[in-house]
Amino acid sequence: MKQLFNYIYSRIKEINFEENELCRQYWLKIERLNANFSDQAAIVLLFDNIEWLINSKVVNGLAIKKLGDLNLMAENGIYFEGDIVVKDSQAILFGTAKAKASGHSRIRAFDNSQVEADDSTFVSAYHNSKVNAKNCKIQAFNQVQVESRGFCLIEDYTELGSIEATVKDLVY
């Protein structure tokens, strides 16, 4: 995880985010972690800030996979491939990972990952990911494809994406 952290640290310095007042609190956390590094603290910081890191182009899924500890990340809910089940928990998906989520789960999907969500799951989907859901809240960005099976609240921020909703959904 240290190699991934060092990459993120240098990218933030290169992009010069530390001078941005909005990023100041995050930068202070990174500086503390740099001074006293632990794998678990790095995972927590990555998990808590993944959307900002990806959307600000500090890092991408391929770099995280290449530089991070895949086993440690999987143990902490960050997946790059395979089929996983998430119930009343959180997960971050990259690559070709596929999740079946239910309960009060929170899923963040990037790259070409796929989510089948039910029962109050909250999904934020980016890039070319796909979501099939019922009774969920979904935020869709980029070229995401969403197919609702009903009773979903869908925030559509897509650009060239697609939203298939029923009359029992609210899309805005």
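The values are calculated or read from the model by the stated rules, or taken from the named source; none is laboratory data. From a predicted model like this one, the values you see are computed outputs, not experimental measurements. All Cβ positions, glycine included, derive from the backbone under ideal geometry; neighbour counts span all protein chains shown. The accessibility values were calculated without ligands, DNA or RNA, using every heavy atom of the protein model including side chains. Shrake-Rupley method; radii C 1.70, N 1.55, O 1.52, S 1.80 Å.
Of the residues Val144, Val85, Val167, ranked by 1.4 Å probe accessible area with the largest first, the sequence reads Val167, Val85, Val144. When both region 19-74 and region 153-172 are represented by their alpha-carbon centers, they are found 30 Å apart.
One decimal place: the segment Ala35-Val171 gains 44.4 nm when fully extended, by the rule 0.36 nm per residue minus the C-alpha distance. Close amide-amide hydrogen proximity is noted between Ile78 and Ile92, each under 5 Å apart and 5 or more residues distant or on a separate chain (H modeled in the peptide plane; Pro and chain starts excluded). Across region 42-56, rounded Karplus estimates of 3J(HN,Hα) from the backbone phi angles (6.51 cos²θ - 1.76 cosθ + 1.60, θ = phi - 60°) give 5, 4, 4, 5, 5, 4, 6, 10, 4, 5, 5, 4, 6, 5, 8 Hz, Gly and Pro being marked x. Of all DSSP beta bridges confined to the chain, the antiparallel ones make up roughly 0%. Summing Lys and Arg as +1 and Asp and Glu as -1 over all other residues whose Cβ lies under 12 Å from the Cβ of Leu45 gives a net charge of -1. Pairs of Lys residues in the chain that lie 8 or more places apart, or on two chains, and have C-alpha atoms under 19 angstrom apart add up to 23.
Label-to-label distance, Ser120 versus Asp83, with points set 7 angstrom from Cα along the beta-carbon direction: 2.7 nm.
Between Ala101 and Val86, Glu116, Ala117, Asp118, the built amide H atoms are under 5 Å apart, and every one of these is 5 or more places off in sequence or on another chain. Whole-Hz Karplus values for region 88-100 come out as 6, 8, 10, 8, 10, 10, 10, x, 10, 4, 10, 10, 10 Hz, taken residue by residue from phi with 6.51 cos²θ - 1.76 cosθ + 1.60 and θ = phi - 60°; glycine and proline positions read x.
Note that the chain carries a Kirkwood radius of 16.5 Å, evaluated over its alpha carbons pair by pair. Pairs of Cα atoms nearer than 8 Å and 6+ residues apart set the relative contact order; for the chain it is 11 percent. Convex hull of alpha carbon positions in region 103-159: directionally averaged projected area 2.9 nm².
Each Lys or Arg adds one and each Asp or Glu subtracts one; over the other residues with Cβ under 11 Å from the Cβ of Asp118, this totals +2. Counting Lys and Arg as +1 and Asp and Glu as -1 over every other residue whose Cβ lies under 11 Å from the Cβ of Met1, the net charge comes to -1. Here the accessible area of the chain is 47 percent carbon and sulfur, with a 1.4 angstrom probe and all protein chains present. Taking all protein chains as they are arranged and a probe of 1.4 Å, the heavy atoms of Glu159 leave approximately 120 Å² accessible to solvent. In the full protein context, region 1-140 carries 50 Å² of accessible surface per residue, based on a 1.4 Å probe and ignoring ligands, DNA and RNA. Build a GNM of the chain with springs between Cα atoms under 10 Å apart, and of Ala101, Ala35, Ala117 the one that fluctuates most is Ala35.
Rolling a 1.4 Å probe over the protein heavy atoms leaves Cys152 with an accessible area of roughly 10 Å².
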